[in-house]
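In what follows, a structure is listed as structure tokens, so that the remarks can point back to it.
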Amino acid sequence: MSKLGKFLKILLIIGIVLLIPLIGVSPFLLNHTRSYIYSMFVMYPNGVLALIFVYEFIKLFKSLEDNNPFCYENVTTLKRAGIISLLISILWFIDLLFMVFIMNNTYINYVIVLVFLGILFFGVSVALYILSELFKQATDCKIENDLTI
């Protein structure tokens, strides 16, 4: 496996190991009801989706290692990663709405970061969808060429 693939796998394992205790301990760390609700409905799903997103890319590195990048499994992996990225984008925009309208947090730096993250992950989802369609067409061409040879 490539160095980047190994690094992503280590990050995934560390993330999972840290996420499980954090979920159990957070009710004791957060005294305010609003903060706890915020963590449970915005930050935890976003963290879980980010871990799944990294896992999808680990699967892509595995297919690259096997010298089989143009297969339908990679097309579905890219589409899944795009959907996950879209969900992460939606959660960042929900976070923005929550912080502005419910928590009355209008610090411009925080708002700019949330808008940037929402737009960034939306752009990543569009790019991954386009990439999955390109991989689908390349896989179709590869299969057609394999049959004619």
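Here are the numbers for the structure shown:
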read-out: Under 18 Å from LYS3, Cα to Cα: aspartates and glutamates that are on another chain or at least 8 residues apart; value: GLU56, GLU65, ASP66
read-out: Choice from LEU22, LEU78, LEU49 with maximal GNM fluctuation in the chain (Cα, 10 Å cutoff); value: LEU22
read-out: Top of SER63, SER89, SER125 by mean-square fluctuation, Gaussian network on the chain, Cα under 10 Å; value: SER63
read-out: Most fluctuating residue given options PRO21, PRO69, PRO45, as computed from a GNM of the chain linking Cα atoms under 10 Å; value: PRO21
read-out: Under 19 Å from the Cα of LYS136 - lysines, other chains or at least 8 residues apart; value: LYS59, LYS62, LYS79
read-out: Projected-area mean, segment 3-148, by convex hull of Cα positions, square nanometres; value: 10.0
read-out: Degrees separating the helix 108-148 axis from the principal Cα axis of the chain, which is the longest one; value: 20
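Taken together, the values in this text are just the output of simple stated rules run on the coordinates, not laboratory data. What you are looking at is a predicted structure, and each value in this text was computed from that prediction instead of being measured.
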